[in-house]
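I have a structure here, written as structure tokens, and I will follow up with some questions on it.
The values are calculated or read from the model by the stated rules, or taken from the named source; none is laboratory data. Everything numeric in this text was worked out from a predicted model, so none of it was measured. Neighbour counts are summed over all protein chains in view; Cβ atoms, including those assigned to glycine, are modelled from backbone coordinates with ideal geometry. Please note that ligands, DNA and RNA were not included when accessible areas were found on the heavy atoms of the full protein model with its side chains. Shrake-Rupley method; radii C 1.70, N 1.55, O 1.52, S 1.80 Å.
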Amino acid sequence: MPGILVTLVIVLPWLGAMAVWVARNERPQLQHTFAVGFSVLTAITSLMLLKFASSEPAIHLALGKAFGDLTFVPDGLAVSLTSIAAVVGSLAVIFSVDYMRGDQQLGRYYFLVLFFIGAMTGLLLSGNLLFTFFFWEITALCSYGLISFYNDDPKAVAAGIKALIITQVGGVGLLVGTLIAFTNLGSFQISDLLAKATSLPATALSLIAFSFLIAAAAKSAQFPFHVWLPDAMEAPTPVSALIHAATMVNAGIYLLARFYPAFESVPAWKTSVLMVGLISALIASLSALIATDLKRVLAYSTVSQLGYMVYAIGAGGVVASQFHLLSHAVFKALLFLAAGSVIHSVGTRDLRRMGRLGTRMPFVRNVFIVGSLALVGVPILNGFWSKELILEVGLEHSPIWAYALMLIGAGLTAFYTYRMVWLVFFGKERDYLNVHPAGPAMKVSLGLLAAGTFVTWLFFGGLNGLLASTLPFHGIEHESLRGMVASIIAAPTTWFALLIVAVGFGISWLRARGFALFGGGWLNPFVESSFGFEFLNRLFVKGTYQVAEWLSLTQTGELNWNILGIVSALLVVLIALWLGA
Amino acid sequence: MNLLNFTGLITIPLISSPIVYLAGRLGTREATLHGRSYLVRVLAFLAVLAAWMPFIISVQTLLRSGAQEFNISTIRLHVDGISLLMAGCVLMLGTLVILFSGSYMSGEVGEEKYYAMLLAMMGLMIGLVSAGDLFNLWVWFEGMAVSSYLLVAFYREQAASLEAGMKYLVQSATGSVLVLIGIAMVLAQTGTLDMAAIAEAISGPSVNRFAMLGAGALFLIGFGVKVALVPLHTWLPDAHSQAPSGISAMLSGVVIEIGLIAMLRALAVLTGFALSWGILLMAFGALNILYGNLLALRQTVVKRLLAYSSLSHIGYILIGIGIALYSGVSLGAQGAFFHLFNHMLMKGLAFLAVGALMYGMLLKNGSHASLKINDLAGVAQRYPIVALALSIALLALGGMPPLAGFMSKWQIFVAGFQTQNTWIIILMIFMALNSVLSLGYYAPLVNIMYREQPSQQVLIGKPVTWTITLALVLMTLLVIVLGFAPGLMDWITIPASQRLIQLFGY
Amino acid sequence: MFTPLNIILFGVIALLGVGFYGLLITRNLIKVVLVLQILIKAVILALILAGKMSGNLGLGQSTAATVIVADTIVAVVGLALGVQVRRRFGTLDVPKISTLRG
């Protein structure tokens, strides 16, 4: 049974992709139907798979020497993330029915989205590192195709290629790590790497650990690879919700969580992970403070929240990070989709041109506020429990200054979130064209996600149980929901955090009232250049083109020069051979 | 029986070449063919289909009984895994190109010469891979080169085409001269030109080791002109972009690779230096990959971009073979041969798809201009199947799963890492980063095709015929299938790679 | 020192030198084809020399004969292309016909 479910959860979305392509752009209603149908089926299948979680491979096929055995292991980590991906995926597809209505290239859109969902589930369920890499690359391909979906816009195309190249460079990290592991262990199986990690030579293990960290950081847009995510907001908003908030960027977190037991003994690895998360969380929060594009604020917020998850793993809290991942997927998808409604109806992404939309779009305003409260970490919503859990883990296992900075980050989160909500839904009224309320399909998705933010934290017990019982190498202790709630309410850190959040809200509220406190103008140059990394990025790109220009001078087109090339090559080879012999 | 089978593979294309030419020529005085062109096309296609039969029989014999040797008086034919892999590549691409060219070349001046030369080139290439004698190798090589000169310079009215053909001729002839000097040196030292006999005699005492290294260098550079090693590659961008699209596909897809096989056969007889050749091939490979990628970034003409991309892919193949020669493990060569086959498919598909677009947008409107990247804008609206085929080809070339290019590159990576040699591992990382870099010029092409604003060329584009579409669809399917099931090619790449290792003395 | 074999060897090397020098310097397309022919002649001589030196003169002579035939074909093709180039470009000056660059 688990084998069939695993196959279905990967193959169903791919069948859907083919169905949408076959239906052709002349029949958009059929395409919408197929897309929604297949994605919902996938979601249901993934939820059914939760029942069958185990650490045993569900599928096992031998493929030959260079490719290892194809295995899919539906353990707790894999199936929980798969459910998130599939469910949020189906909600994003449902949302797209309204958002993408009337688009000329609907077939390509749905094909890429469905193909992506299948690849993502494959990535999570794969027990063979080669196939993890295989699906990893496919998700990068789909992400690129969707970011640059609006091909006529050069910004979108540039953003897509930037995302592709940066995440692919990370992919090289995954490739290198996989192959070093294979060379030393003779197997691509993840379970083998986890079991025999300590038997690997120290340099090999370190190389694998840091290569995987590079891959994870690039995929999850963490420092220093964070520059692609804000630009990726050129994608249609349901795509931003699905790929760049709820699923693909989680792949890096997944990688770190999956291999944590193998790498925790590598010197400086945990600290590096901690630092990467910390720095990402902070610089992203600062950038969100002054961003003027609604989706960019959300993008920075995503980087920041992912930073929290990475930080949690660095401190040893794998469960905490996965719990926050669940909460984040729900509330961030909610925020993005709600933002999508706003953008779709108003026609701009610029915060400075929005205002007082709350009166015209009450439903969207309400769900957006729910999502924002969850993001900030207000009790009872899911974000509160998971963020507090992370902070608690951080206090216990990370240096106190790191904890303090993360706490400040929570305050910053409150600050920029309030600002965002204020600028969009309250504040000054502006003149704009028609503002229409959200369509029915949009409302369905938004409503379900908003309900989710109130409810998903209740699954903590189940999640913890899944992880503890199906991940043999992680050493996770069983903890019940009640235990978690009790420990959070009892911990003084929780109240600290709430205090900082209140301070953050307060500052933002005061600023909205006109008191210019803690102005962010001085931050502008830092954020524009992504704290120096955009500069590096551009340097690299320009540098490559410059070298290409210089090299093209060698292609003179003149016969004499060409012959010179032949003769000199001969001389060089002769000399090399003579020296070597 | 066996001899006849295999030689059938060579003779059928060679004999049908003049027959096709005569069929097109007899009795007509005008420069163009009028009604004869249909006959010419059909004959050419039938000829190449007929050649498949001896091929299949030869493959069965090989798998059953291993490598075969035939002697026709003093000419020795040597059929092993490598021969049949290359013969298969030549036949497959040749069939598809002839199918494609039916429409593409219709109405061109000298159409019968095109098919005649193409068939001759195919026959000569298959002959080359079965040569058992060093000089014989050179003769087939030279024949292949001459037929390709004529095919590159096919558009006699185009100045650029002639320029490309002329430069190609001079450089290729220089290479041939170098090879002959090397052959002379080998003859002087060993007194024989038979490959097996030379391999034995080399280890003897009367042979000057330095002279043999010198001969090896000459072979490397001489054949290297044809293989487009950097800096011997300068003819390639011009030739591959100016030739008719079917020939561009053949050149990038098989001619360069056959040159590589000729080089390997020649180097193999100089036993005892496998390590040196391995290192040199890896060095050239690295240079090719980087140079090809960087220059492709700057191109505005689509076919020229694809030509530079061929340089890169030859680099991957060279590295794979270099690893195998250096370490004595056949996995690297297996990956290289698999990549060779895949590259034939992917690059062939790319050139044929671009050719289809040129056919619809340029040729049908009477223009022989080159296709620029900006002309590709919005192509997907008018030519959805061609655009999809080209996208799949480009993404496969960039090494994206689930397409064929990823799987073959993966095998080379595995081989490289398994050597546990720090320099080779660094080379592998270099190769992986370059593969990422190549996406920087493949991806924008895919993007441009799916724009909503079509270019001027697209607006006046005419439809593409079913023969062209069929050829494209077949190749696309193969590219996708091999990406999911890479093991499908193991039956030929494993014997070929093991044979290569054996030839070099491991 | 000046044995017949050595003289021929020097001759081969001299011809090769002239040939490669010519290839590097010549600006006229027909001269390029001519220079290629010089190189071919050097190689033919080398093959016969090699045959003699190794004792297998018959092999040397037969390969030399085949090369003569093969490279005549190359020369013919080269000259034919040269004629066409002259027609389209109006000149045989190599730099003037090098329009494809980069």
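Would you mention how many residues in segment A:263-293 are open to solvent by 20 Å² or more (accessible area, probe 1.4 Å), in a helix (DSSP H, G or I) and polar (S, T, N, Q)?
Summing the residues that are open to solvent by 20 Å² or more (accessible area, probe 1.4 Å), in a helix (DSSP H, G or I) and polar (S, T, N, Q) in segment A:263-293 gives 2.
Something else: Quickly run through segment B:411-434 and pick out the residues that are within 8 Å of another protein chain (Cβ to nearest Cβ) and under 21 Å from the mean Cα position of the chain (by Cα).
B:Q411
With the condition kept exactly as written, say whether any residue in segment B:209-229 is more than 23 Å from C:A46 (Cα to Cα) and at the interface with chain A (Cβ under 10 Å from one of its Cβ atoms).
Yes - at least one qualifying residue is present in segment B:209-229.
Among (1) closer than 22 Å to B:I75 by Cβ; (2) more than 8 Å from every other protein chain (Cβ to nearest Cβ); (3) touching a residue at least 60 places away in the same chain (Cβ under 8 Å), where does B:A197 come up short?
(3)
Are there any pairs with C-beta distances below 6 angstrom linking a residue in segment B:330-353 that is within 13 Å of chain A (Cβ to nearest Cβ) to a residue that is among the aromatic types (F, W, Y) and surrounded by 24 or more Cβ atoms within 10 Å (Cβ to Cβ), with the two at least 6 apart or on different chains, and if so which?
B:H339/B:Y316
Can I ask one more? So for segment A:469-476 (the condition being at positive phi, open to solvent by 50 Å² or more (accessible area, probe 1.4 Å) and outside any helix (DSSP H, G or I)), does at least one residue qualify?
The answer is yes; a qualifying residue exists.
Output the number of residues of segment B:359-375 satisfying the condition of being part of a helix (DSSP H, G or I), open to solvent by 10 Å² or more (accessible area, probe 1.4 Å) and either in contact with a Ser or Thr (Cβ under 7 Å, 6 or more places away or on another chain) or of a type in the set (A, V, I, L, M) (or both).
So the answer is 5.
Within segment B:80-90, does at least one residue satisfy the condition of being over 21 Å from B:M344 (Cα atoms) and of a type in the set (D, E, K, R)?
Taking every residue of segment B:80-90 in turn, none turns out to be over 21 Å from B:M344 (Cα atoms) and of a type in the set (D, E, K, R).
If I ask for residues that are more than 14 Å from chain A (Cβ to nearest Cβ) and either in contact (Cβ under 8 Å) with a residue 60 or more places away in the chain or surrounded by 22 or more Cβ atoms within 10 Å (Cβ to Cβ) (or both), which ones from segment B:482-506 would you list?
We begin by selecting, within segment B:482-506, every residue more than 14 Å from chain A (Cβ to nearest Cβ); these are B:492, B:495-496, B:499-506.
Passing the criteria: B:I492, B:P495, B:A496, B:R499, B:L500, B:I501, B:L503, B:F504, B:G505, B:Y506.
A further question on this structure: Tell me, which residue of segment B:143-157 that is open to solvent by 10 Å² or more (accessible area, probe 1.4 Å) and more than 7 Å from every other protein chain (Cβ to nearest Cβ) is nearest to the chain's Cα centre (by Cα)?
Once the filter is applied, the top-ranked residue is B:G143.
Looking at segment B:158-188 only, could you name the residues that are at the interface with chain C (Cβ under 7 Å from one of its Cβ atoms), open to solvent by 10 Å² or more (accessible area, probe 1.4 Å) and in contact (Cβ under 8 Å) with a residue 60 or more places away in the chain?
B:A160
Output the residue which, of all residues in segment A:20-35 that are buried (at least 19 other Cβ atoms within 10 Å of the Cβ) and of a type in the set (A, V, I, L, M), is modelled with the highest pLDDT.
Step by step, filter segment A:20-35, then rank; the result is A:A35.
So which residues in segment A:58-87 are among the β-branched types (V, I, T) and open to solvent by 10 Å² or more (accessible area, probe 1.4 Å)?
Listed by number, the residues that qualify are A:I59, A:V73, A:I84, A:V87.
For segment C:85-98, name all the residues that are surrounded by fewer than 17 Cβ atoms within 10 Å (Cβ to Cβ) and at the interface with chain A (Cβ under 7 Å from one of its Cβ atoms).
C:P95, the sole residue that qualifies.
Within segment A:268-279, track down each residue that is without any contact (Cβ under 8 Å) to a residue 60 or more places away in the chain, in contact with a Gly (Cβ under 7 Å, 6 or more places away or on another chain) and within 14 Å of A:M406 (Cβ to Cβ).
Listed by number, the list holds a single entry, A:G277.
Which of the residues spanning segment A:27-69 are within 12 Å of chain B (Cβ to nearest Cβ) and free of Cβ contacts under 8 Å to residues at least 12 places away in the same chain? Step through it out loud before you land on a result.
Restricting attention to segment A:27-69, the residues satisfying the condition of being within 12 Å of chain B (Cβ to nearest Cβ) are A:61-68.
Those that are within 12 Å of chain B (Cβ to nearest Cβ) and free of Cβ contacts under 8 Å to residues at least 12 places away in the same chain: A:L61, A:A62, A:L63, A:G64, A:K65, A:A66.
Next question, about the same structure. Determine if segment B:308-316 includes at least one residue that is surrounded by fewer than 24 Cβ atoms within 10 Å (Cβ to Cβ), out of contact with any His (no Cβ under 9 Å at 6 or more places or on another chain) and within 14 Å of another protein chain (Cβ to nearest Cβ).
Among the residues of segment B:308-316, not one is surrounded by fewer than 24 Cβ atoms within 10 Å (Cβ to Cβ), out of contact with any His (no Cβ under 9 Å at 6 or more places or on another chain) and within 14 Å of another protein chain (Cβ to nearest Cβ), which makes the answer no.
As an exercise: evaluate A:G340 against (1) in contact with a Pro (Cβ under 7 Å, 6 or more places away or on another chain); (2) open to solvent by 20 Å² or more (accessible area, probe 1.4 Å) and give the number of the one condition it does not meet.
Only one criterion is unmet by A:G340, namely (2).
Taking B:T271, is it open to solvent by 10 Å² or more (accessible area, probe 1.4 Å), closer than 27 Å to A:K542 by Cα and among the β-branched types (V, I, T)?
no
Hey, can you tell me all the residues within segment A:93-110 that are within 20 Å of the chain's Cα centre (by Cα) and among the hydrophobic types (A, V, I, L, M, F, W, C)?
A:V93, A:F95
Continuing with the same structure: So which residues in segment C:1-48 are within 12 Å of chain B (Cβ to nearest Cβ) and charged (D, E, K, R)?
Residues satisfying the conditions are C:K31, C:K41.
Go through (1) polar (S, T, N, Q); (2) touching a helix residue (DSSP H, G or I) at 6+ places or on another chain (Cβ under 8 Å); (3) more than 30 Å from B:I75 (Cβ to Cβ) and name the single condition C:Q61 misses.
(3)
From C:G51, C:G60, C:G55, grab the single residue that is in contact with a Gly (Cβ under 8 Å, 6 or more places away or on another chain), facing chain B (nearest Cβ under 8 Å) and surrounded by fewer than 18 Cβ atoms within 10 Å (Cβ to Cβ). Reasoning before the result, please.
Numbers: C:G51 fails: surrounded by fewer than 18 Cβ atoms within 10 Å (Cβ to Cβ); C:G60 fails: surrounded by fewer than 18 Cβ atoms within 10 Å (Cβ to Cβ).
After applying the criteria, what remains is C:G55.
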